[in-house]
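Written out below as structure tokens is the structure these notes cover.
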Amino acid sequence: AALNDGLRSQVSAALKEGRVAPTELCQRCLALIKSTKFLNAYITVAEETALKQAEESEERYKRGQPLGILDGIPIAVKDNFNTAGIETTCASNMLKGYISPYNATVVQKLLDQGAVLLGKTNLDEFAMGSGSTDGVFGPVRNPWSYSKQYKEKSVPKSHSEDEESNWVITGGSSGGSAAAVSSFTCFAALGSDTGGSTRNPAAHCGVVGLKPTYGLISRHGLIPLVNSMDVPGILTRCVDDAAVLLGSLAGHDPKDSTTIQDDFKPFELPNLTDVSKLSIGIPKEYHAPELSSEILALWSKAADLFKNAGAKVVEVSLPHTPYSIVCYHVLCTAEVASNMARFDGLEYGHRSDVKDSTESMYAATRREGFNDVVRGRILSGNYFLLKQNYEKYFVKAQKVRRLIANDFVKVFRSGVDILLTPTTLSDAAPYTEFIQEDNRTRSAQDDILTQAANMAGLPAISVPTALSERGLPVGLQFIGRSFQEKQLLTVAKWFEKQVQFPVIQLEEVKRHDSDVFQHQKSASFS
């Protein structure tokens, strides 16, 4: 039952009172990871390390000296964060077998507070994708594919087809982390968010996905995709837990010059009772042509929920939104081309056996190490950065990015507190349908509602809202003012309480590990 509880109020209290031991909690999570192996959520499971950390935590609890609220709490980390002594692959042949000599700052902060690191989660290769289907370790399966809610609604053509081709994607690129949290194998997970890579899978897997303000959490040790947009993301089962993790991770890091200089004060979220002073903006440009009627209806319903509770709900305009996905593509590929230059086969990672010349060794290493998606983005980026194209594409895209950021500034200056938008265009697609289109087309579609927040550096959170007609989760997104995470999370918590999103009923896992799921309660650890 503890696996489905909240961090602050329940699990942490249970650990303090000795009702559950960190080792027991860790063993339960490891057992669940084994019984949900078919989801392919984890690339590496650090069983020995995790049990050792849990034992150390247990000793601290016995002495009455826990390191904090996260002491003994099992967590997972996306496999593009460096972890000392545990392989970091980015789901690529290029880094298979690579073990970092240091921990990413966010990983170190979690360990310093006694968190138990269960393992590294699956992703799209080098976090380039929106389905978690393009990594070298294979696609991640959405736990909701095996839920009672989905199975009751989906009608397979035949039994064999039901199991093998009816499963849906997790979204991406942090799909492994979202699936890990959704299937109760951990209490929280780290993802990364460059254009929506934490919020997109959170929406598809029915969990909370927070992308903090750029510079609030250190990127040191996160293998970069797009330096000017990357942010470590937080995936949890409720908004309170996201606030707990944010409090543990935020603040200045001397190893990352883009982090804020001021100290960050962790906060406990108040229970908002009066929303009458709130102004909620509904950006008309987010009414994308591809938006499903079901999500549109939910978006309207959510706006009415705020209106009926007394909040001011206004339609706003972010006029440069239609240009944002093209602008994002240019800037993203340009930075990718620059970042991927480090993988040359000389210092670390894969090295080809081709020995004709240094040049041919470089080429062969990159051909063997990167998949088509990564190579495609490198080629695009280098094209945009050519001397004759630099002004025409890269500089122009930077100017458009400024206009997009200014759109948000104007809206927030007009008195709007929070923007309410959809997170995704529809619920999760079946894997067989998703792979019909290439990665670039899919990413362009799937990032359309999320990437503007990255370009403006704003905080945004996806909150699970309801189940679709197919019995799959749908999330809505709240975008806040820069560094106003407390306000953003407070509003998200109020909304979460109103919608009462249902707990996943994992039939498949019940068969494997029924005792863990005997008493399902609230969906959080705080």
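Residues in the range 304-314: is at least one under 22 Å from the mean Cα position of the chain (by Cα) and either open to solvent by 40 Å² or more (accessible area, probe 1.4 Å) or in contact (Cβ under 8 Å) with a residue 24 or more places away in the chain (or both)? No, there is no match, as no residue in the range 304-314 is under 22 Å from the mean Cα position of the chain (by Cα) and either open to solvent by 40 Å² or more (accessible area, probe 1.4 Å) or in contact (Cβ under 8 Å) with a residue 24 or more places away in the chain (or both).
Among the residues of the range 401-438, those identified as part of a loop (DSSP other than H, G, I, E, B) and closer than 24 Å to Ser228 by Cα are Thr423, Thr424.
Number of residues in the range 447-487 that are under 30 Å from Phe412 (Cβ atoms), assigned to a loop (DSSP other than H, G, I, E, B) and open to solvent by less than 50 Å² (accessible area, probe 1.4 Å): the value is 8. Being farther than 30 Å from Gly129 by Cβ, open to solvent by 30 Å² or more (accessible area, probe 1.4 Å) and either among the β-branched types (Val, Ile, Thr) or free of Cβ contacts under 8 Å to residues at least 40 places away in the same chain (or both) holds for only one residue in Pro270, Pro266, Pro289, and it is Pro266.
Which of the numbered conditions does Ala444 fail, given that it passes all the others? Conditions: (1) part of a helix (DSSP H, G or I); (2) modelled with pLDDT under 95; (3) out of contact with any helix residue (DSSP H, G or I) (no Cβ under 6 Å at 6 or more places or on another chain). So Ala444 meets the others, but not (3). Could you look through the range 377-400, keep only residues that are part of a helix (DSSP H, G or I) and either of a type in the set (Lys, Arg) or modelled with pLDDT under 95 (or both), and pick out the one that is least open to solvent (accessible area, probe 1.4 Å)? Among those that are part of a helix (DSSP H, G or I) and either of a type in the set (Lys, Arg) or modelled with pLDDT under 95 (or both), it is Arg377. In the range 14-25, the residues that are among the small types (Gly, Ala, Ser) form Cβ pairs under 8 Å with partners that are open to solvent by 20 Å² or more (accessible area, probe 1.4 Å) and modelled with pLDDT of 95 or more, at six or more places apart or across chains, as follows: Gly18/Tyr61; Ala21/Glu58; Ala21/Tyr61. Scanning the range 67-118 for residues that are open to solvent by less than 30 Å² (accessible area, probe 1.4 Å) and aromatic (Phe, Trp, Tyr) yields one hit, Phe81.
Among the residues of the range 219-237, the ones that are over 14 Å from the mean Cα position of the chain (by Cα) and either more than 21 Å from Gly195 (Cα to Cα) or hydroxyl-bearing (Ser, Thr, Tyr) (or both) come to 1 in all.
For Arg28, indicate whether it is in contact with a helix residue (DSSP H, G or I) (Cβ under 6 Å, 6 or more places away or on another chain), outside any loop (DSSP other than H, G, I, E, B), open to solvent by 10 Å² or more (accessible area, probe 1.4 Å) and farther than 15 Å from Gly176 by Cα. So Arg28 fits the description; yes.
The values are calculated or read from the model by the stated rules, or taken from the named source; none is laboratory data. None of the values given here were measured: they were computed from a predicted structure. Note that each Cβ is placed from the backbone with ideal geometry, even for glycine, and that neighbours are counted across all protein chains shown. Areas reflect the complete protein model, heavy atoms only, side chains present, ligands, DNA and RNA absent. Shrake-Rupley method; radii C 1.70, N 1.55, O 1.52, S 1.80 Å.
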